[in-house]
1. Using the 10 angstrom Cβ neighbour count as an exposure proxy, how do THR52, THR4 rank, fewest first?
2. Would you mind ranking LEU23, LEU98 by Cβ crowding within 10 Å, fewest neighbours first?
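Read the figures in this text as sums done on the coordinates, not as results from a lab. The shown structure was predicted, so the numbers you read here are calculated from the model rather than taken from an experiment. Glycine gets a Cβ as well: all are built from the backbone with ideal geometry, and neighbour counts include every protein chain shown.
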Amino acid sequence: MQFTVYAVKREVSENYYYKVDLLKRFFEECQGSIRTSNYMQQLMQQLDYITTHFSFYDWLKKIHENHINLKERLFDCEINCDILDGKNCCCLFQCDSLWQAERVLFQPLRMCDQSFFIIEESGEHYGWISPLIRQRLLS
C-alpha cells in the first residue's frame with residue numbers, strides 16, 4: 001500500500017475539513033498526468049498555497065531515536081519514504097497493510113502539531129490526520 005501524505009496549512013484543514021472529496025480530487029489531479037504547462041503551473045501554485053513545509057526526514061529520524069530497535073518498531077516490516085517535491089510538503093510512504101500504516105505512520109503523525117491529508121494510491125483510503133480530535137482518516 002502506498003500513501004501520499006501532504007502537510008496542509010492549519011487554516012486550510014479547518015476550512016476544508018468537510019470537503020475531503022474536493023481535496024482528494026485536487027491532490028489526485030496534482031499527482032496525475034502532465035497537462036498543458038499553464039494548467040500544471042496553476043495547479044502547482046495552488047498546491048504551494050495550501051501546503052506547508054514539514055520535515056519528514058527529521059520526523060522519521062526522531063521516531064527512530066525514540067525506539068531502540070527500528071525493526072521492532074516497524075514490526076519486522078519495511079516502510080519506505082520518499083520526499084516528492086523540493087518544498088518538502090508531501091511524502092510517499094509504502095507499507096504492507098492498512099494496519100501497519102495505522103500503527104507506524106498514522107498514530108505518530110497524530111502526535112505532531114500539524115495537519116496532514118493522506119491519499120492511498122488506489123484512492124480507497126483518504127482523509128485527514130490531525131492533532132484535532134474530530135479529524136480522522138476516512139475510508
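1. On the way: THR52 17, THR4 20.
The order, fewest Cβ neighbours first, is THR52, THR4.
2. Details: LEU23 21, LEU98 16.
So the residues, fewest neighbours to most, are LEU98, LEU23.
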